[in-house]
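Step one of this worksheet: look at the structure below.
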Amino acid sequence: MKERTMTQDEAHTPFAGPACDYARTAVNAASSTDAALHDQPTSAVIDMHSTNWWDLAFGLSLPLLALMDLMSYSPTAAAHWAALIVLATVGVCYIAFGRRALRQPQFAVPFVLVLVVACGLAAAFTPSLATLQAIAIPYVWCLINDTRNAIVYNVLLIVAVAVGFVVGLGVSIDAVTQAVMMEGLSLIFSLALGLWITHIVRDGERRGHLLHELRSVQGQLAAANREAGVASERERIAREIHDTIAQSLTSLVMLAQRARGELPPTLAPALESIDLIETTARDALTEARSLVAALAPVHVGDSSLAEVMTRLANRFDRETGVRVTASVTASAVPRELEVVLLRCAQEGLANVRKHARATEAQVSVSLDDGGVHLTVQDNGCGIADYSPLQETGFGLGGMRDRVALVGGSLDVSGLPGVGTTLLVTIPMKVELVA
């Protein structure tokens, strides 16, 4: 077997060489960005959509407002009681569905309308209860996700408080002027703070999505880096087998042939022993070369899956003498799944070489609604009563683990004297063209 140089080997390794260095650099960059995002303050420090904060806010504010009502001016005692009923109604509605509105948007608008009416009525019964808007306004901003709708509901709430305030003080120029100035300032500060906080929250959400994407890319690059390490180690082992064991076995065959020629025909027992040594060495050399063929990486690069599988089949045919045909009808398979299919095809052909005693084999890749399928079939001695529990080596077990990492499955079937079929199925979304 012709020995390849290090440069050519590196060029035939998926994710090796410059790609491997790039993967390491990208992983480090993603880690640095991840740490930088953690160090920056975001709106996630205090979760304004947490029910715990608002339970505390309403639980403290409503009793304090009730106490304020009892200590404040009101035209009649009935007005005090009416204001207390309004506050109690707000509390009951908050417990019933207001706090759920943070997680269930269908309750948001009904509770906002409750707050608008309650703020107007409370200010009408007791003008000092216009302070209820201090908790109602920020809660409206939290409940209404659409900025335009949030502004509309804020204006409605401010108008309701202004009208109630005028009614509570008595309709007069002074009451109207005071209401317009007070609620005008409240509206300005409400919109300014609300829009600012909304910007902060959305910026925090964008950073959160970015962090999630960076972590996902970091995981993918780490997997690519691990795959590059595995491919590099496979290549190193193949090269070591070729340069040491295979060469030694070749020398042993040559020495056996030389010894046979030097011995006279009368030494039949010695010649038989030399023939046995040569035969054993040749068998071991065939095994070593087959291992090199199975372990040596197949270049993926910019080639299609069909081209890679064809090269694998041709090389296996050349190395082992087993006629292999490759058929690939699947397209648009993600590169990470192509690598998994390629490794499974290599391992499947290695099993054909080790156990099947076959003369022909077929490797096919197809795609349907169930996902992408890899089939390795041979015409060898076959297998009977196969069970995954019978797996004692690293071949099928390692292949099963590799396929399971991408959510796939491995099935092995066969009949004695007919052959064996290995089927790998990996789920994949398929876009059907009309």
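The values are calculated or read from the model by the stated rules, or taken from the named source; none is laboratory data. Please read these numbers as outputs of a predicted model, since none were measured by experiment. No Cβ is skipped: glycine too gets one built from the backbone with ideal geometry, and neighbour counts run over all protein chains shown.
From the list Val117, Val112, Val159, the one residue that fits, being within 17 Å of Ile188 (Cβ to Cβ), at pLDDT 90 or above, in the same structural domain as Asp69 (by TED's automatic domain parsing) and hydrophobic (A, V, I, L, M, F, W, C), is Val159. Close Cβ contacts (under 7 Å, 6 or more residues apart or on different chains) running from residues in the stretch 74-103 that are at pLDDT 90 or above to residues that are among the β-branched types (Val, Ile, Thr) comprise Val90/Val114; Cys93/Val114. Scanning the stretch 165-192 for residues that are of a type in the set (Phe, Trp, Tyr) and either modelled with pLDDT of 85 or more or farther than 17 Å from Ile135 by Cα (or both) returns a single hit, Phe165. Residues satisfying the criterion are absent from the stretch 258-272 (criterion: under 33 Å from the mean Cα position of the chain (by Cα) and either among the charged types (D, E, K, R) or surrounded by 12 or more Cβ atoms within 10 Å (Cβ to Cβ) (or both)).
Residues that are in a helix (DSSP H, G or I), free of Cβ contacts under 8 Å to residues at least 12 places away in the same chain and more than 12 Å from Val112 (Cβ to Cβ) within the stretch 144-183 comprise Arg148, Ile173, Asp174, Ala175, Val176, Thr177, Met181, listed in sequence order. Taking helices (runs of 4 or more DSSP H) as the structural unit, those lying wholly within the stretch 250-353 and holding at least 1 residues that are modelled with pLDDT of 80 or more and within 20 Å of Ser364 (Cα to Cα) correspond to 305-320, 335-351.
It is to be established whether one or more residues within the stretch 126-135 are assigned by TED's automatic domain parsing to the domain that holds Gly59, outside any helix (DSSP H, G or I) and within 16 Å of Leu65 (Cβ to Cβ). For the stretch 126-135, residues assigned by TED's automatic domain parsing to the domain that holds Gly59, outside any helix (DSSP H, G or I) and within 16 Å of Leu65 (Cβ to Cβ): present.
For first residues located in the stretch 416-428 and free of Cβ contacts under 8 Å to residues at least 40 places away in the same chain and within 27 Å of Arg357 (Cβ to Cβ), partners that are among the β-branched types (Val, Ile, Thr) and assigned to a loop (DSSP other than H, G, I, E, B) and lie 6+ apart or on another chain with Cβ distances below 8 Å form the pairs Pro416/Ile383. Looking at Leu214, Leu210 in this structure, which one is in contact (Cβ under 8 Å) with a residue 40 or more places away in the chain, loosely packed, with under 14 Cβ neighbours inside 10 Å and more than 30 Å from Ala123 (Cβ to Cβ)? Unique residue meeting the criteria: Leu210. Please tell me if Ala384 is touching a helix residue (DSSP H, G or I) at 6+ places or on another chain (Cβ under 6 Å), among the aliphatic types (A, V, I, L, M) and not in a strand (DSSP E or B). So Ala384 does not fit the description; no.
Among the numbered conditions (1) touching a residue at least 24 places away in the same chain (Cβ under 8 Å); (2) among the charged types (D, E, K, R); (3) closer than 20 Å to Thr375 by Cα, the only one that Glu307 does not meet is (1). Figure legend. Inter-residue proximity from the stretch 116-127: first residues among the charged types (D, E, K, R), second residues part of a helix (DSSP H, G or I) and surrounded by 23 or more Cβ atoms within 10 Å (Cβ to Cβ), beta-carbon distance below 9 Å, spacing 6+ or different chains. No pairs are indicated.
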